[in-house]
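Structure first, commentary second.
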Amino acid sequence: MDISLQNVEYRYQVNTPFERLAIKDVSIDIPSGTFLAIIGHTGSGKSTVLQHLNALLKPTEGNVVIGDRMITSEKKQKNLKEIRQRVGIVFQFPEHQLFEETVEKDICFGPMNFGVTEEAAKKRARAAIGQVGLPEEILSKSPFDLSGGQMRRVAIAGVLAMEPDVIVLDEPTAGLDPRGRKEIMDMFFSLHETRGLSTVLVTHSMEDASRYADQIVIMHNGEVYEKGTPKEIFSSPEGLLKLGLDVPEVVRFQLKMEKSLNIRFSKTCLTMEELTEEIAAAMKRGAPK
Amino acid sequence: MMDKMIFGRYVPAESVIHRMDPRSKLVLIFLFVCIVFLANNMLTYGLLTVYTFFMIALSKVPVRFIYTGLKPVLLLVIFTLFLHLFLTKEGEELFRFGWITIYEEGLRQGIFISLRFFLLILMTSILTLTTTPIEITDGLESLLDPLNKIKFPVHELALMMSISLRFIPTLMQETDKIMKAQTARGVDFTSGPIKERIKAIIPLLIPLFVSSFKRAEELAVAMEARGYRGGEGRTKYRQLSWGLKDTAMLAMLAAVTLVLILLRT
Ligand SMILES: Nc1ncnc2c1ncn2[C@@H]1O[C@H](COP(=O)(O)OP(=O)(O)O)[C@@H](O)[C@H]1O
Ligand SMILES: [Mg+2]
């Protein structure tokens with residue numbers, strides 16, 4: 001399902017003394033099958049953008065096109081359930097949304113709201129709990145007896161079980177240990193590949209952005225500051241660095257090396273393998289003095 | 001979704017009312033609540049209304065904000081009006097339409113009582129809109145100080161109040177967040193049959209309770225870690241100071257009271 005934001009502006013708490021412009025003139029295209037990463041400092045409007053992707057927020061200016069639906073400020077929207085089912089959002093700290101007596105019931109909650117039968121929902125719950133790397137025994141436990149990391153995975157399973165076409169992730173690995181982080185990101189990426197989903201990921205990790213994304217959007221002060229492929233973004237990292245944002249470790253290493261040896265590699269490398277090849281090739285040629 | 005709530009919210013501004021001593025504001029509100037009951041005719045109610053709107057103007061809080069925030073309460077006020085309108089059967093008959101008969105006394109009572117209700121809400125809103133929760137509790141603690149003599153736990157009461165007031169906005173944010181998360185999982189909070197909507201409260205309330213308990217525990221630990229041992233011997237960072245404007249405000253209220261007594265019938 002294609003999603004497209006066209007010159008979207010959003011103000012929180014319109015007509016109160018607390019009115020606040022959160023995002024303005026944001027245009028982003030997310031064609032079906034894209035892996036999009038959004039990066040930017042805290043408060044730059046990333047979460048606000050995400051909430052437009054399934055019509056939780058209605059833009060105060062501009063349009064949001066979700067599949068064949070058009071969300072604008074004027075029209076009162078009806079029947080948003082289909083959108084909500086097709087665009088699943090994993091919020092920041094999703095473990096706060098758990099409420100059922102058992103993990104199984106909590107995972108089934110989403111699908112059953114969308115009219116899936118109990119039988120089918122339970123089947124989905126078993127599949128989803130495996131996907132997030134938890135044993136099936138956990139299904140009968142109370143979600144409040146689990147560790148923080150396990151709760152996070154259960155909450156993610158709850159969204160996966162809705163079987164959305166688009167998965168939206170708001171810093172899904174914040175606060176997890178490094179191994180858990182990698183496991184979860186790898187899981188989302190393999191889902192993205194095998195099911196042909198669209199994925200939108202908000203992250204502070206430049207490594208994740210460069211490794212998984214096809215497209216990167218950089219947000220700054222509520223505006224789109226830069227967009228492009230990881231190669232484009234990281235091969236001219238001046239803009240990023242000016243905002244005080246990081247570049248992936250590999251790129252940082254390459255930049256340092258170029259500077260201290262006063263050489264230029266032929267391209268910007270995003271993975272360690274690429275960089276070692278480049279270095280080997282440069283050494284074969286003999287480093288120019 | 002909870003954007004328009006104004007209860008317990010502080011709107012920063014530079015105004016006389018904002019700068020008043022919280023003690024004088026509390027006393028003022030308390031007295032106002034008492035003198036509202038003195039009004040019993042057009043003139044006296046008119047005077048109270050003028051006084052209330054004068055205070056709103058002084059507070060510099062945008063009227064539009066107060067209006068949108070009080071809309072839900074306005075419904076209650078209108079309900080009160082209709083209740084009196086239809087149920088009071090005294091005085092001259094004014095108007096008859098089908099099974100509805102409206103009497104003079106009903107109209108009078110309805111208007112006066114709902115107006116009284118409305119003015120009380122407005123005045124207390126001015127208090128919370130112009131005074132930070134901390135100020136309110138400091139003021140209350142200072143006003144209730146004499147009760148310490150009879151072993152009444154004034155400090156604890158004030159602390160409880162300030163903590164609850166402090167967490168109203170946090171709770172609102174949390175509610176908004178969880179509502180959004182559950183909406184994304186297919187819950188419909190805003191439309192659909194009543195039965196479904198009541199059922200939708202559960203996925204909202206349980207996470208709220210869980211996080212509130214967790215937060216309370218964390219707060220207790222954090223307070224103890226910083227050496228909190230209760231009110232005894234504790235010094236204050238903010239000192240309250242009663243100024244000329246506080247005396248002037250109370251004098252104005254005294255004048256209003258006097259006029260009310262003269263004008264009431
Ligand atoms: N419910 C809200 N009410 C008022 N302002 C908000 C609300 N949510 C976010 N904001 C403001 O909108 C801006 C963007 O916030 P957000 O989208 O959460 O940023 P990010 O996810 O990039 O940290 C911030 O300045 C924030 O203070
Ligand atoms: Mg955010």
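The values are calculated or read from the model by the stated rules, or taken from the named source; none is laboratory data. Bear in mind the structure is a predicted one, so any value in this text is a computation, not a measurement. Neighbour counts run over all protein chains shown; Cβ positions are idealised from the backbone, glycine included.
A compact table of results
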{"quantity": "Within segment A:120-161, considering residues that are small (G, A, S) and buried (at least 21 other Cβ atoms within 10 Å of the Cβ), the one nearest to B:I206 (Cα to Cα)", "calculated": "A:A155"}
{"quantity": "Residue in segment A:183-202 that is in a loop (DSSP other than H, G, I, E, B), modelled with pLDDT under 95 and more than 17 Å from A:P111 (Cβ to Cβ) present", "calculated": "yes"}
{"quantity": "Candidate set: segment B:174-208, residues that are outside any loop (DSSP other than H, G, I, E, B) and away from chain A (no Cβ under 11 Å); chosen: the one modelled with the highest pLDDT", "calculated": "B:T175"}
{"quantity": "Candidates A:E163, A:E171, filtered to the one that is away from ligand 1 (no atom under 16 Å from the Cβ) and either assigned by TED's automatic domain parsing to the domain that holds A:V132 or under 24 Å from A:E232 (Cβ atoms) (or both)", "calculated": "A:E163"}
{"quantity": "Hey, A:F109 within 14 Å of chain B (Cβ to nearest Cβ), more than 15 Å from ligand 1 (Cβ to nearest atom), under 26 Å from A:P172 (Cβ atoms) and not in a loop (DSSP other than H, G, I, E, B) or not", "calculated": "yes"}
{"quantity": "Flag if A:V65 is more than 12 Å from ligand 1 (Cβ to nearest atom), in a strand (DSSP E or B), under 21 Å from the mean Cα position of the chain (by Cα) and surrounded by 15 or more Cβ atoms within 10 Å (Cβ to Cβ)", "calculated": "yes"}
{"quantity": "Residue check, A:Y212 at negative phi, within 16 Å of ligand 1 (Cβ to nearest atom) and among the aromatic types (F, W, Y)", "calculated": "no"}
{"quantity": "Test: residue in segment A:74-90 that is in a helix (DSSP H, G or I), within 11 Å of another protein chain (Cβ to nearest Cβ), closer than 24 Å to B:L205 by Cα and in contact with a Pro (Cβ under 7 Å, 6 or more places away or on another chain)", "calculated": "yes"}
{"quantity": "Residue list for segment A:29-43, filter: surrounded by 22 or more Cβ atoms within 10 Å (Cβ to Cβ) and either within 16 Å of ligand 2 (Cβ to nearest atom) or not assigned by TED's automatic domain parsing to the domain that holds A:N7 (or both)", "calculated": "A:L36, A:A37, A:I38, A:I39, A:G40"}
{"quantity": "Residues (more than 11 Å from ligand 1 (Cβ to nearest atom) and on the phi > 0 side of the Ramachandran plot) located in segment A:43-60", "calculated": "A:A55"}
{"quantity": "Some residue of segment A:32-42 being within 15 Å of ligand 1 (Cβ to nearest atom), at positive phi and not charged (D, E, K, R)", "calculated": "yes"}
{"quantity": "Residues being of a type in the set (A, V, I, L, M, F, W, C) and surrounded by 24 or more Cβ atoms within 10 Å (Cβ to Cβ) - total across segment A:168-177", "calculated": "2"}
{"quantity": "Set A:T102, A:T60: member being within 30 Å of B:F213 (Cβ to Cβ), away from chain B (no Cβ under 11 Å) and not charged (D, E, K, R)", "calculated": "A:T102"}
{"quantity": "Residue under evaluation A:T16, criteria (1) touching a residue at least 40 places away in the same chain (Cβ under 8 Å); (2) within 16 Å of ligand 1 (Cβ to nearest atom); (3) not in a strand (DSSP E or B), criterion not met", "calculated": "(1)"}
{"quantity": "Residue count for segment A:272-282, restricted to those that are surrounded by fewer than 13 Cβ atoms within 10 Å (Cβ to Cβ) and either of a type in the set (D, E) or modelled with pLDDT under 85 (or both)", "calculated": "2"}
{"quantity": "Test for B:T124: is it within 14 Å of chain A (Cβ to nearest Cβ), touching a residue at least 40 places away in the same chain (Cβ under 8 Å), surrounded by fewer than 18 Cβ atoms within 10 Å (Cβ to Cβ) and assigned to a helix (DSSP H, G or I)", "calculated": "no"}
{"quantity": "Flag if B:R229 is farther than 28 Å from A:Q92 by Cβ, more than 10 Å from chain A (Cβ to nearest Cβ), among the charged types (D, E, K, R) and out of contact with any helix residue (DSSP H, G or I) (no Cβ under 7 Å at 6 or more places or on another chain)", "calculated": "yes"}
{"quantity": "Of the criteria (1) polar (S, T, N, Q); (2) within 16 Å of ligand 2 (Cβ to nearest atom); (3) closer than 23 Å to A:P237 by Cβ, which one A:T48 fails", "calculated": "(3)"}
{"quantity": "Residue list for segment B:22-79, restricted to those being touching a residue at least 12 places away in the same chain (Cβ under 8 Å), within 14 Å of chain A (Cβ to nearest Cβ), in a helix (DSSP H, G or I) and not hydrophobic (A, V, I, L, M, F, W, C)", "calculated": "B:S59, B:T68, B:G69, B:K71"}
{"quantity": "Condition met for B:K214 (charged (D, E, K, R), surrounded by fewer than 17 Cβ atoms within 10 Å (Cβ to Cβ) and without any contact (Cβ under 8 Å) to a residue 24 or more places away in the chain)", "calculated": "yes"}
{"quantity": "Condition met for A:L197 (in the same structural domain as A:R11 (by TED's automatic domain parsing) and within 16 Å of ligand 1 (Cβ to nearest atom))", "calculated": "no"}
{"quantity": "Number of the condition not met by A:S190 [criteria: (1) buried (at least 21 other Cβ atoms within 10 Å of the Cβ); (2) away from ligand 2 (no atom under 16 Å from the Cβ)]", "calculated": "(1)"}
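Residue-by-condition table, conditions (1) surrounded by fewer than 17 Cβ atoms within 10 Å (Cβ to Cβ); (2) within 18 Å of the chain's Cα centre (by Cα); (3) of a type outside the set (S, T, Y); (4) under 29 Å from A:A22 (Cβ atoms):
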site: A:I184; (1), (2), (3), (4): no, yes, yes, yes
site: A:T199; (1), (2), (3), (4): no, yes, no, yes
site: A:D208; (1), (2), (3), (4): no, yes, yes, yes
site: A:A213; (1), (2), (3), (4): no, yes, yes, yes
site: A:H220; (1), (2), (3), (4): no, yes, yes, yes
site: A:V224; (1), (2), (3), (4): no, yes, yes, yes
site: A:K227; (1), (2), (3), (4): no, yes, yes, yes
site: A:G244; (1), (2), (3), (4): yes, no, yes, yes
site: A:F253; (1), (2), (3), (4): yes, no, yes, no
